[in-house]
Structure formats: structure tokens, C-alpha cells
1. Which ones in the stretch H:108-121 are within 7 Å of another protein chain (Cβ to nearest Cβ) and either among the small types (G, A, S) or in a helix (DSSP H, G or I) (or both)?
2. Which residues, taken from the stretch F:31-45, are of a type outside the set (D, E), within 23 Å of F:A113 (Cα to Cα) and at the interface with chain A (Cβ under 9 Å from one of its Cβ atoms)?
3. Of the residues that sit in the stretch A:92-130 and are more than 15 Å from the chain's Cα centre (by Cα) and open to solvent by 10 Å² or more (accessible area, probe 1.4 Å), which one is farthest from H:A19 (Cα to Cα)?
4. Output the number of residues of the stretch F:131-153 satisfying the condition of being open to solvent by less than 60 Å² (accessible area, probe 1.4 Å) and within 19 Å of the chain's Cα centre (by Cα).
5. Somewhere in the stretch G:44-54, is a residue in a loop (DSSP other than H, G, I, E, B) and at pLDDT 95 or above?
6. Against the definition (at pLDDT 95 or above and out of contact with any helix residue (DSSP H, G or I) (no Cβ under 6 Å at 6 or more places or on another chain)), how does C:L69 come out, yes or no?
8 protein chains.
Amino acid sequence: MKIAIFIGSDSDHGVVKDALAILKEFKVSFGLEVTSAHRSPARTFKLIKDYEEKGVEVFIAVAGKAAHLAGIVAAHTVKPVIGVPVESSSLDGLDALLSTVQMPKGVPVATMALGKTGAANAALLAIQILSLKDSSLVTKLKEYREKMAAQIEAKSKKIQQKS
Amino acid sequence: MKIAIFIGSDSDHGVVKDALAILKEFKVSFGLEVTSAHRSPARTFKLIKDYEEKGVEVFIAVAGKAAHLAGIVAAHTVKPVIGVPVESSSLDGLDALLSTVQMPKGVPVATMALGKTGAANAALLAIQILSLKDSSLVTKLKEYREKMAAQIEAKSKKIQQKS
Amino acid sequence: MKIAIFIGSDSDHGVVKDALAILKEFKVSFGLEVTSAHRSPARTFKLIKDYEEKGVEVFIAVAGKAAHLAGIVAAHTVKPVIGVPVESSSLDGLDALLSTVQMPKGVPVATMALGKTGAANAALLAIQILSLKDSSLVTKLKEYREKMAAQIEAKSKKIQQKS
Amino acid sequence: MKIAIFIGSDSDHGVVKDALAILKEFKVSFGLEVTSAHRSPARTFKLIKDYEEKGVEVFIAVAGKAAHLAGIVAAHTVKPVIGVPVESSSLDGLDALLSTVQMPKGVPVATMALGKTGAANAALLAIQILSLKDSSLVTKLKEYREKMAAQIEAKSKKIQQKS
Amino acid sequence: MKIAIFIGSDSDHGVVKDALAILKEFKVSFGLEVTSAHRSPARTFKLIKDYEEKGVEVFIAVAGKAAHLAGIVAAHTVKPVIGVPVESSSLDGLDALLSTVQMPKGVPVATMALGKTGAANAALLAIQILSLKDSSLVTKLKEYREKMAAQIEAKSKKIQQKS
Amino acid sequence: MKIAIFIGSDSDHGVVKDALAILKEFKVSFGLEVTSAHRSPARTFKLIKDYEEKGVEVFIAVAGKAAHLAGIVAAHTVKPVIGVPVESSSLDGLDALLSTVQMPKGVPVATMALGKTGAANAALLAIQILSLKDSSLVTKLKEYREKMAAQIEAKSKKIQQKS
Amino acid sequence: MKIAIFIGSDSDHGVVKDALAILKEFKVSFGLEVTSAHRSPARTFKLIKDYEEKGVEVFIAVAGKAAHLAGIVAAHTVKPVIGVPVESSSLDGLDALLSTVQMPKGVPVATMALGKTGAANAALLAIQILSLKDSSLVTKLKEYREKMAAQIEAKSKKIQQKS
Amino acid sequence: MKIAIFIGSDSDHGVVKDALAILKEFKVSFGLEVTSAHRSPARTFKLIKDYEEKGVEVFIAVAGKAAHLAGIVAAHTVKPVIGVPVESSSLDGLDALLSTVQMPKGVPVATMALGKTGAANAALLAIQILSLKDSSLVTKLKEYREKMAAQIEAKSKKIQQKS
């Protein structure tokens, strides 16, 4: 298992949907857990240890509001930790973003954009990190980028026909 | 010992100065520790346990940036936890405020104003909580309020003479 | 009666629903009132006095916009006052949050997260404060935390089966 | 006495300096008091009554942080109340601005710009209000505007000579 | 005619509905115009002059986004000008609020809360200003306040029966 | 071809609808492309060159989130570049606005309001720029302004009949 | 005269220093005036007309706080108007930025970055606009860009020697 | 060479000082360049290619304002890119933070905290990423964490002696 994904609440499941699809597309194995820095701290610490023992190389933590999950994972491992802030019903996600990104000196969290976009990018960044050891992923990442650019060109043509 | 005060960095010592003076004025015993949710998590968890065993009734946590200290203490005790966000060199303290106050359902942090004002008020709120069991503190709190109102009146007269 | 809950408008009734359920679950008696710092100040001051005479130990004030209710209660009692900011139709609740939390030195308000989450946590913090005098509440609070952690684990399994 | 100015703290004295000068220039009588919605509520209520009896027609309230002073004055009088938010050491004055301006339906506060500019404008708005009954003030206000426009033209020439 | 209300767009008509009802309830005559500081500046300047000639004593300007309408009216009259910022589809109304309230020294705008609440309060503030010359309005304003407080008490009872 | 419009995503097509209508109304020729600073950088650079060769005089770039499209176009041409920030699902468009407007010294982007309004104004500003060389556009622009003012007056009458 | 620069206050003179130097370097003639949308509206309207008669092709307006200057100029001309928001002592310039950029449909303001950077870029954008009619400016603009890139490379070498 | 650090301006040199010290302490080789996404785009693209050829595994980009540097690097490589937003003279760094973190789906930037703290953490995250292939770095990272925790404990004792 290469990647552990922790989501702070089962309501964040929709947020990671695209991320899971990307990991499957790149054939990178992962584990998914619901766990909270505040509501299940013991479980969180145990999961970090368990997944490290399973050989996980990158952690992804997804949380909203006073989003401490990524920071607390980062405090308990020296593996790279990617944080995805999630917008909740108020404050437009600024709370989760600042709680995730403003880590103190010594304990970095690689913070992504808010919500689904950020979760998808967390999967891609994890793959980019793993690609340092696995050159087959480099090839796939380049193909992914090319496909993305091709799709944009296709959409451009479609829109020009409509205008 | 009644109150444990955790500051996330020794640079926050100035922030709690007035708070310590208030606790001394009210003759409420306290312990002061520098500890970080991210940079010394094991120490933080041990301190929570140690202070609970010393009979501490209220925790005060003071931290800046992605201020997780109060939240992490609150996740490990059912004693009331008071959080004081501290302004750092950027973002005007909004990061610390939102990281402290936006706790998820189930784990409250009693959040105070930013900085020195908030730290002083954390001391007063802790005393107000302790006063539920110790009526001598009620008397002192009322005297504190009266003194405060009298000082305002005195300052008003001073300013009127200047104008 | 142990707790007084003041809501600034009858439209905030939905915001405190979970809070009331928690208080009932913990068998903590409470009174609920609609009252406004600005639109019914005399009533607010009378209610503070009345509830203090009924033996209330903690006040909870729930309000939106220029949310002064918690502050004005705190100015008239030395009992702990918990403030719950409520998001209104504009400014994402930042107005209520800052109006509640940025209290001056001398008069603390224990500020919770915005909205329903914050109201539920206000109930829990009030219970945590009362538990200093009533150890049966300590047991219940620990059970509540354990149940919460167990629910997270159960949800995690459910999601893993879906993925 | 026509105008009552309440400042929430003696440290706001500098903020109202230009405002006092304007009132003197327009020969409008005023009273100045330090009083706080939270730290001296009884004094604040008494001052509102006292100044109403002295025939005051407009109240000006100047406060920072969770600036409730203007709102609390407005809740106790039907005279026009002008609020001046003051920037404190954090949050750039956004706390005071939102606490002052976001009043609920039924109790308006005429909110000015932050700080010294706002205080000066509070004095001018108070004079504009009084000018409805005193046409000599209309003349002076128009002269003030003309002088202001003339000063801008003079400054423009000065700068053109420098460039 | 006592009050002129300018709205920056016909889409703001809903925003002033309660305000118009209040003015009718208090039997204060008013004129309502759609006009824009940017899209119909000449019309705006003409309307200011026309309404001043009709004896208008207070101007109310309602606008969103870079809300300059109140400021531009204030620049062309020494009558009191009340500004109501309106939330548009982005930025939560912060743009309109800051554009309205942060006026330079010399030209005040009495800024109200965002949206419908602010518009209703603009009507009430205008009446409070007019009441300096018309004591019958003072009586009505006090009755309005009493009715408001009574309604809150009634709502409180209703909610207590539901709980 | 006079104007090139780049949109960062096909989902921004709705945002530029009014802009395209304005360009057609003014009979100014334009090209429309979907292209991204990040997801199709090579395509973006090629398009800038291609459109410069086609004689384009003004570029318009429309993008959301970390909106770099306008900046990156501006870095590769000395033609005027107009940037339109688009609000996405979080942060109220503040991310796109700041990413577009806060360009470093040396490479300006003419930033418009958020969303559809900004896109329509981008078209108008582009026409205003082109009008420096084509006086027929000046006449049309003045007519556009007059029509706009007339519409406001018409709407005002309609609303007065309803009130 | 090609460009008119209006600054809202003589205190903004420092803000436009680099902008003036750039215009001199490019040998583009300009006029500089202090004038305010609110404090000298008549003067502002007269200056717009005067400078249009002098053949000015682009207006630059520099202002802080509720920065209406650029918007008000844009409302009175169909020439391109560039707005430079200036940070004042509070709110970090967000007030000036939003007041300048969030213009309604029909009246665009080409908004630059805050402060000195924005003013310098306003000068460059004005030159870019003028370059549509004057190809000698295109050459100079390209040289300016090349010099800028060369300076960066030189600074990079200097820093590498220090490290 | 393992790591390439690009700073958007030579004024950001102070920001990366601690980061460089950390890389030296961990004996990780790096290159440092001043280059700008907007002011030297060609140089930036060339440097990305050059450093990729030198075997660089992680890019770090440090920039302020509309901070596009990290995003533009990320658009041209599939190596992990770490972005460090830098606070400039206005907007408290919110502009740089949002411009860096809110990347679109497909092109992640691992965003760090603002300023010096973020730069130091960028160095540590880069080392954490490299440690996936070099277990000697894992040992050093764990020692770094232990030293950090020990320092906190030592500072705590020092402060307790002072109190």
C-alpha cells in the first residue's frame, strides 16, 4: 500500500471521489479511513502507525473547519503529508485553508486547493512524489498532462462552433 | 494546582504576562509550559495527563498561525479548554482565530480575543469557571469589575480636564 | 435550573436544536428565551437577573450580525458566558464571529464555532463546566466521547465497503 | 449641549482629536466621556439618560474590537447614534467595523469610516443633522466644503511645481 | 417631501420594500428613484438638486458592488446621506460595504447594515433625524421600539411552548 | 481580428456571453479560445503568437481560482491585456481577483470586476482602447452610454408606478 | 498631452513617483492633478473635460479608502480609465481595491495592483494602449521588458555569489 | 543537484535564509535562482529544463503578490513543486497565498505557510520527499524532530524559572 487517505468526516467522501478515481487510473494502491484529529485522536494515531507499517509513503488528510487532521498526521510522521482543506457551510473554506497551510516551522503540510479540486491534486501530487522511485509513473503523468491539454483544445473547438 | 497554561512557543510569553498577573492577583495556582501540538506532540499529551493528575480544572492554550494547540488539548480531556489565538507576522491573526474557534461538533474550545487581551480574558474566564465551586472568587470577580468601572470613570475625568 | 440559553431571534431556534437535545441527553436543566441586546435590552437585563436567581451557572447567548448578545450578558454577570455566532445572509458569519469573540480586557465571552456546530459545542462546554461540581457528568462526557469515536470507526468501515 | 461623544477607552482620545476641533470650529457644544458597553455598562446607561436630559440631539460612540458601544447606546435612545469603529492591534479594524455596522432591523447605527477619519466625519454628520434645525450651520457646512475644495486645488498646484 | 431614496438598480427594489413600508407606517413622505453614480451620473446630479428643491431633508442611497452612489450624493449636498450597501453575487457584500463606509474626511455617509436590514434601518434613521424637528415622530419611534420588544417576548413564549 | 478572448475553462463560456454580444453589437471582430495557463501552457503561448500575427490589438483572459491566465498572457505580449476574475465554488472569487490584479511591477493586467459583469466590461474597455484609432467606435460608445442612462430612467418610472 | 493622472490626495504623490519616471523615460507627455471625487467633485468634472480637450487619450486615477475617483472619471468619459487603489492605514487596501475594481456593467475601470507597483503598471498600461497608434512605443516597451529580464538574471548571479 | 529554488525577486533572499541553512544542515545539494513568471518567463522555462537535466527532483518556488511562479513551474514539470507565498506590503499575504494554493485540477502545487516559516518548511518537505529514496535522510529527519522537541522542553524550563 502506497498512500493513506484520511477524511475527517464521512461527509467528505464525495470530496475525494475524483482523487480515488485518479489513484485507480494510475494503479497506485491506497487505504481510505474516516478519522478525526479531535473526535477520534487515539484512532488517528493508531492509523498513522498501522499505515506506516503497511509501507505507506505519502499521507493525504482531508478536513474542514478548524482542519487539524493534516497537521496532526504531519506531527507524527516524517513521510510527506498532503492536506486538503474542505469548505463547510460558513466562512467559504477560509477557516480550513488557513488551519491547514499555516503550519509552524519544522512540520510542513503540503496544502492543496479547497475541496474536490484539491483532493484530486493531492492524488496527483502523491503520484508525482512516488514517481521519484517509479519511472513508470513519470510516463503516465506525462500522458495525463497531454490528455488534459488535448481535452482543452477539443473543448475550445466545440465552443467556437457554438459561438 | 487549578489551571494549566500551555503556550505554543516561548515567543508567546509576553502574550500571557497580564494573564499570569491576574491569576496571581486572584491567588489561583497555575502551571505554565511551552509545548507545541506539532513540534512536541508527545510532550503535549504527557503534560495534559500530568496536569490532570495534579488536579487542574481548566486548561488554557495559547498559539498562533495554524493554532491547533487548544483543539488538541480539548481532544484529550473533558475539562474546559480555553483557546487564545495569537497574531503572527502575517494574516492579522485570522489564521489563529479560525484555527482555534471552528472546532467540530463534540469537542468545544472556549475561544478568546486575539493576543494579550484574549490571554487576560482566558485567566478571568478560568476564574469565573472555578468560582462555581469557590464563592470567594465570586466576590473577588465582582470587586475586579467594580474597580474596572471606577478606573474608566477616573480616566473620563482626566480626559475632560485635558479637552 | 443550570443553564440559560438566550437566542437573539426566533429564527435562531433551528440553530440550537442539537444543543437542546444534548442538554436533555445529559439531563441538565435549562431555560430558553428569545431576547435581543438591541431590540429588547430591558428584557435582556431582567432575564439575566431572573436566571441568576434561579441558580443558573452558565449562560449561552446565540446571535448573528453585530452579535452583541453574549457580550452584553457577560457585562452583567460574573458567571461564565458562552457565545455562539450565527451566520446571516451576508458576510459568511464573519460579522457575528468577530462581534462575539473580540471582547475587551475584563469581560470574556467563551466563543464557539459558527452556527449549529457551535451551539452544540456550547451545550457540551456548559456541561464540562458544570462537571467540575458534578462528577456524574464527567462519566457521561467520557461516554459521549467514546460513542463519538466509535461512530467514526463505524462510518469508516461503511465507506470502505462502498469504495 | 448638542452632542455627546462616548469613547470606549481613554486610548481612543487621539482618534477624536480632529472631531473635537471640528465641533469647536462650528461652535457646536458637546460632552466627552470615556465609557464602555462591557466594562462600565451601568455608567453608560446613566450617561445616555443624563445627556438626553441635557438636551443632546446626537450621540457619537467610538470603540474598537467587538465594538458594541454605539449599538448599546442606540438600543437606549431614539436620537440618532453615530458609530466610529477603531482599528486595534489585530484584524485591521474589520472586527470593529462589522460589530458597529451590522445592526439588526429596528436599531440603526450610522457607521463612519475607521479611525480618525471616521471620527471627524461623525462630527460633520452630527452637524449636518443639527443643521436641519439651525440654518446657520448650513452656511458653515457649505463654507467648509468650499475651503476643502480650495485646499485641494492649492495642493495640486504645489505638487505640479515639484514634479 | 422629506426623504429621497435612490437605488442603483431596479434589482434593488426588493431590498427597499421594508424601508418603504416603514416610511408609510410613520407617514413620512418620500420619493423613490432608480439612478446610478456611473451609468446615469447626469441624472443623479439633477435628481439631487430637484429633491433638495422639493425640501428633502435626508437622502438614502442603496447600491451594490463598487457602491459609489451614497458617496457621490454626499459629495453634492450637505444634507445627511444614509448609505445602504447591497450584497451582489460575489464577495459577500464586502465590496459594497467598504465602498460605502470608507469615505474620506469631509464627506460622511451614514452607513447601514447590508441589504434589506440596512434599508429598513436607513428609513428608521431618517425618521430619527426628522424627529429632531417633529416631536410626533419621537412618540411613534418609542411606540415602534416597544412593539418590537413586545413581539420578541411573544415569540419567546411561542418557542418555549414548542421546546 | 481585433480582440482575442481566452477562457480558462469551457465552464467559463456562460461568463463571457454578454461580452460576446457587446462585441457583436459594436461589430468588433474577435476570436474565442479555451486555454489554460497550467493545463495547456504550450497551447496558450502558441495562441498568443498566432493571434498577434492575426493583428489582434487587445487580449482578454477569463479565469477562476489561482487565475494566472491573464498574467501569463501579459508576460508574453506588450499589447494591453484585460483580466476577468471568475468566482468559483469557494472563497467568493477573492482568489481569482487577487491572482489577477496583484501583478508585479513591469507587467500590468487591466483587471475587471468579477464574473459576467467584468467580462462585459472587458469587452467595453477593449472597444474603448480600439476607439483611440477608430473614431466610429467613439460615437457608438457614447450612444451605448446614452441608451444605458435612458434605460435607467425608464426603469425608475416603472418602479414608481409599482410603489 | 497624452495622459492625465489624478491623485485623490497630495499624500498619494509618493505613490505615483515611479509612474512619473516611467512616463518621462518613455517620453510620453502627461498632466498631474490632485482632485477628489468627494471633496472637489466640480473640479474633477472640469478637469476631465479640460484634459479631454487637451487631447488626453488615457486617464489614470489613484485613490485610497472608498476609492471612487477612477469610477467617477470613467462615468464621464469613454476614454480608457486606469484605476490604482492605494492602501491606507486600515483594512490593508482591500477597501480601495474593491471600490475600484467592482464597477457595474457598462463603465469599466482597468484596475491595477495596490500602491506604487500598481501606479507604475498604470503608466506602462497607458503606454501599451498608446502604442496601438505609435509603433515607436512598441519598440521601447519590448526593450523595457528585455532590460527587466536582464536585471533579474544579473541579480540572480549576485545572490548566487553571496549564498 | 537535488533541489532547485526559484525566488521571484532578489528581495525574497531573506525569506529563504533558514531554508538554505536547513538544506546545508541535511547536506542536500541545491541551486538558487532569481527568476519571475512574468518579468523573465523565457528564463524561467529555460531554468526548469536546465535543472531537470541536472537531475533535480523537487522544485521550490517563492513569490509574493499574484504569485504565479510555483504554478508556472508546476505547469512545465511533473516533478513535485512546492510553493511558498510571500507577504508583500499590502493585503497581508492573502494575495500570494491564494494565488499559490488555488491551482486547477491537474497541476498541484504543494503550498507552504507564508514567508520564512513556509520557506523553511519547503526545505523540510523537499527532504521528506527525497527521503523516500534515501533512508539516511529519514534518520536525520527524526533527529531534527527530536532536537526540536528537546528545545521546546528546554525553553519551557527557562520560562518557568522567569515566571
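1. Of everything in the stretch H:108-121, those that are within 7 Å of another protein chain (Cβ to nearest Cβ) and either among the small types (G, A, S) or in a helix (DSSP H, G or I) (or both) turn out to be H:A110, H:A113, H:G115, H:T117, H:A120, H:N121.
2. Passing the criteria: F:G31, F:L32, F:V34, F:T35, F:S36.
3. Among those residues, the one meeting the criterion is A:D92.
4. Looking only at that region, the number is 7.
5. yes
6. Judged against the criteria, C:L69 is a match.
Quick grid of which residues meet (1) assigned to a helix (DSSP H, G or I); (2) assigned by TED's automatic domain parsing to the domain that holds D:H38:
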{"residue": "D:T77", "(1), (2)": "no, yes"}
{"residue": "D:V84", "(1), (2)": "no, yes"}
{"residue": "D:L98", "(1), (2)": "yes, yes"}
{"residue": "D:K105", "(1), (2)": "no, yes"}
{"residue": "D:E143", "(1), (2)": "yes, no"}
{"residue": "D:I152", "(1), (2)": "yes, no"}
{"residue": "D:K155", "(1), (2)": "yes, no"}
{"residue": "D:Q160", "(1), (2)": "yes, no"}
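Conditions tested, residue by residue: (1) assigned by TED's automatic domain parsing to the domain that holds E:M112; (2) of a type in the set (V, I, T); (3) closer than 22 Å to G:K65 by Cα.
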| position | (1), (2), (3) |
| --- | --- |
| E:D12 | yes, no, no |
| E:E25 | yes, no, no |
| E:S29 | yes, no, no |
| E:L47 | yes, no, no |
| E:D50 | yes, no, no |
| E:A70 | yes, no, yes |
| E:A74 | yes, no, yes |
| E:V81 | yes, yes, yes |
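The values are calculated or read from the model by the stated rules, or taken from the named source; none is laboratory data. Quick caveat, the model's predicted, so the values are computed rather than measured. Because the Cβ atoms are built from the backbone with ideal geometry, glycine has one as well, and the counts that use them run over all protein chains shown. We work out accessible area using only protein heavy atoms, side chains counted, and drop any ligands, DNA or RNA first. Shrake-Rupley method; radii C 1.70, N 1.55, O 1.52, S 1.80 Å.
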